Amino acid sequence: MHRREFLRYSALGGVGIAASGPAGPLLAGDDWLAAYREGRRENAWAIGLRSIDAERLEAPLEVLHGQLPQGLRGSFYRNGPALHELGGRRYHHWFDADGMVHAFRFTDAGLTHRGRYVQTHKHRAEREAGRFLRPAFGTRFADMTSLDNPDAANAANTSVLPHNGRLLALWEGGSAYGMNPEDLGTDAPVVWSDATAGLPFSAHPSIEPDGTLWNFGLSVSVSSGQLILYEIAPDGSLRRAQAVALEETPMVHDFAVTQRYLVFLMPPFHLQRERFADQAMSFLDSHRWEPHKPMRALVVDKADWSRRRWFELPAGFVFHLGGGWDEGQVIHLDYERYPDPGIVADFARGIMRGRADTEPSADVTGVRLDMARGTARQETLAEHSEFPRLHPARVGRRYRYRYSLSVDGEATHPFQNAVRRLDMDAGAEHRYRFAPTDIAEEHVVVRKPGLDDETAAWLVGTVLDTRAQRTRLTVFDAATLADGPVFEAALPYALPLGFHGNFAPA
Amino acid sequence: MRTTTLILLVGLAAGSAQAAGIELAIQTPRPGTGEYYIAVHDRADTFPGAEQAHAARARVIGASQTVAVEVPDGRYAIAVYQDLNGNGRLDSNLVGIPTEPVGFSRNARGSMGPPKFDDAAVDVNGEHRLDIQLTD
């Protein structure tokens with residue numbers, strides 16, 4: 001049942017935050033459903049924001065091209081918001097809906113797909129009621145219940161991570177939900193310890209090559225924002241957890257792990273805590289963009305969490321960091337930098353009506369933090385990038401190659417349409433561009449068995465084909481990415497656009 | 001099964017107004033375990049902290065029971081928690097969110113924090129009965 005239904009509230013979230021757009025509680029029977037239906041007629045890409053009513057999906061994939069590589073066997077898991085509509089109403093933000101976890105099984109007999117909603121408290125309660133009850137990240141209907149516990153609004157819709165024999169369905173503002181990796185049945189919110197029960201556990205944990213899992217969560221009360229730090233052993237036991245009080249409450253979605261440090265980028269997009277506590281606005285709308293303030297970088301010493309340093313960077317907005325490493329007294333990292341939070345405040349709202357008035361784009365931005373001098377520098381390394389991933393053996397280490405999605409040439413939609421490998425040493429890049437009607441989704445890096453070389457890997461991901469109205473699964477050889485997928489298969493249906501996933505080798 | 005426990009409070013100020021009784025009908029999702037700690041607050045600025053005007057304890061019997069407390073007439077907000085593990089305090093997580101069942105008079109709920117005094121406060125003038133539903 002409801003755990004810790006009491007005193008505080010933590011950062012809600014799908015992917016970050018921003019605060020403009022229509023404010024105030026929304027009335028029943030508003031026109032978003034009708035607007036979306038109209039948007040669907042005008043824009044084929046809007047199928048990516050469709051709502052899945054069925055609790056489960058299941059189908060074999062049709063092979064379109066190539067052969068599944070020998071050695072690539074296991075399960076590719078993805079998560080994303082899928083229940084965009086319920087009881088005749090539609091959410092107003094991409095990040096609001098309950099998460100459906102997808103498993104693509106790679107076997108000698110072929111590929112199958114299974115999707116299942118995470119059975120969160122929220123999902124069960126709202127299914128039973130037949131309508132949305134709980135305030136969501138970017139939507140607060142006037143008749144929604146108040147919220148005194150972040151897990152009551154946990155949509156578990158942002159990522160899914162195989163860990164220690166189970167799946168963790170991840171959100172940003174609440175507990176991880178444990179799931180069965182085989183049948184995708186939901187267990188319960190994960191309690192790492194009594195001291196961390198009910199606290200946020202972000203959707204971007206980082207696992208180092210030795211199996212140590214690092215994560216954070218941003219816990220919010222009316223009086224303070226606190227950054228919760230976690231260190232978890234490969235066997236799933238909590239080694240350490242601590243709360244670090246913050247002066248302001250930024251939206252923080254991801255972080256970087258280096259050999260010696262944890263690094264957080266905190267954009268000046270701040271939650272107005274009292275405004276949110278008044279319960280008149282959504283979590284997103286309770287944020288304020290303050291571009292006259294810097295983006296702050298917090299560096300925490302992994303060995304001693306009380307050793308912390310702050311740096312300042314130009315104002316900007318970020319969801320995702322590529323990675324980082326340290327060398328002597330210098331920390332290197334890179335991130336996908338937006339000039340402002342328009343991606344979350346406007347774009348991710350507008351697409352729920354099937355419209356994109358803007359096409360926000362992030363640039364790969366390199367950062368150098370000098371611990372001896374206390375200086376911070378950043379420079380743009382490449383344009384148009386999102387959903388960065390590294391070879392798993394390079395997490396927390398120096399890496400040469402950085403994989404991500406990009407935008408290349410013409411497209412009939414406002415999302416990414418290419419997969420890219422950036423050579424950080426040479427500045428060169430390889431990329432593959434899909435058809436103009438294809439929307440590229442995150443591609444994860446799967447190491448070839450036994451090999452740590454950064455290009456000895458496959459990229460596995462999904463593509464929404466808006467023309468055929470089907471989701472495809474694509475596999476690239478990372479070494480020859482520009483040659484195109486070595487394998488492609490298609491589902492008989494289109495899945496709503498999702499966020500993040502991971503591959504579990506057989 | 002309902003049980004009534006009468007508790008005489010030691011915190012009564014001498015010469016205070018006429019004594020009144022509050023009958024608390026407490027319900028818990030964790031029946032039959034531990035003790036209820038009841039704090040009666042008369043000041044908004046310290047609610048729901050440690051500085052309460054009156055305090056009481058009662059062993060938890062079943063899922064619902066009635067506990068009577070005596071206080072002078074006045075305006076009070078009442079906080080109840082259930083000490084499940086017998087350590088004599090309200091356990092909480094790293095950021096202070098209780099990890100044991102709690103409830104407030106008028107079943108007030110907070111938003112990103114405990115409820116405000118005014119949302120939980122009741123005027124006691126003579127006998128008063130309150131339902132408090134604990135949640136965990």
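Taking the range B:85-105 as the region of interest, how many residues are away from chain A (no Cβ under 11 Å) and in contact with a Lys or Arg (Cβ under 8 Å, 6 or more places away or on another chain)? It would help to see each step written out before you state the result.
Of all residues in the range B:85-105, those away from chain A (no Cβ under 11 Å) come to B:86-89, B:105.
Next, from what is left, pick out any that are in contact with a Lys or Arg (Cβ under 8 Å, 6 or more places away or on another chain): none.
Adding up the residues that qualify gives 0.
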### Pair list, Cβ < 9 Å and 6+ apart or interchain, from the range A:330-350 residues that are over 16 Å from A:VAL252 (Cβ atoms) to residues that are basic (Lys, Arg) and crowded, with 23+ Cβ neighbours inside 10 Å
A:ASP334/A:ARG402
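Can you say whether A:ASP285 is more than 29 Å from A:ARG90 (Cβ to Cβ) and buried (at least 16 other Cβ atoms within 10 Å of the Cβ), as far as the supplied structure shows?
On the way: more than 29 Å from A:ARG90 (Cβ to Cβ): no; buried (at least 16 other Cβ atoms within 10 Å of the Cβ): yes.
So A:ASP285 fails the test.
Per-residue answers, yes or no, for (1) at pLDDT 90 or above; (2) aromatic (Phe, Trp, Tyr); (3) under 11 Å from the mean Cα position of the chain (by Cα):
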position: B:ALA20; (1), (2), (3): no, no, no
position: B:ARG30; (1), (2), (3): yes, no, no
position: B:PHE47; (1), (2), (3): yes, yes, no
position: B:ILE61; (1), (2), (3): yes, no, no
position: B:THR66; (1), (2), (3): yes, no, no
position: B:PRO72; (1), (2), (3): yes, no, no
position: B:GLN82; (1), (2), (3): yes, no, yes
position: B:GLY86; (1), (2), (3): yes, no, no
position: B:MET112; (1), (2), (3): no, no, no
### Summary
Among the residues of the range B:79-105, the number that are in contact with a helix residue (DSSP H, G or I) (Cβ under 6 Å, 6 or more places away or on another chain) and among the aromatic types (Phe, Trp, Tyr) is 1
### Query
Residues B:ALA108, B:ALA120: which one is in contact with a helix residue (DSSP H, G or I) (Cβ under 8 Å, 6 or more places away or on another chain), within 14 Å of chain A (Cβ to nearest Cβ), of a type in the set (A, V, I, L, M) and free of Cβ contacts under 8 Å to residues at least 60 places away in the same chain?
B:ALA108
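Which ones in the range A:194-211 are on the phi > 0 side of the Ramachandran plot and within 10 Å of chain B (Cβ to nearest Cβ)? If you could, list the steps in order and put the result at the bottom.
Initially, the range A:194-211 is screened for residues on the phi > 0 side of the Ramachandran plot, giving A:198, A:211.
Residue satisfying the conditions is A:GLY198 alone.
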## Note on the structure
In the range A:274-293, anything within 14 Å of chain B (Cβ to nearest Cβ), touching a residue at least 24 places away in the same chain (Cβ under 8 Å) and in a helix (DSSP H, G or I) is listed as A:GLU274, A:PHE276, A:ALA277, A:SER286
### Task
Hand me the list of strands (runs of 3 or more DSSP E) wholly inside the range A:90-199 holding 1 or more residues that are within 22 Å of the chain's Cα centre (by Cα) and surrounded by 23 or more Cβ atoms within 10 Å (Cβ to Cβ).
A:99-107, A:110-117, A:159-163, A:166-170, A:177-179
### Query
When A:ILE52 is evaluated against the numbered criteria (1) modelled with pLDDT under 95; (2) over 27 Å from A:VAL318 (Cα atoms), which criterion, by number, is the only one it fails?
(1)
## Note on the structure
Pairs returned, first residue in the range A:84-96 that is on the phi > 0 side of the Ramachandran plot, second residue that is modelled with pLDDT of 95 or more, beta-carbon separation under 6 angstrom, 6 or more apart or interchain, are A:GLY87/A:GLY130; A:GLY87/A:ARG131
#### Entry: Count of residues meeting criterion [crowded, with 21+ Cβ neighbours inside 10 Å and basic (Lys, Arg)] in the range A:289-321
0
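The values are calculated or read from the model by the stated rules, or taken from the named source; none is laboratory data. It should be emphasised that the depicted structure is a prediction, and the values quoted were computed from it without experimental measurement. Neighbour counts are summed over all protein chains in view; Cβ atoms, including those assigned to glycine, are modelled from backbone coordinates with ideal geometry.
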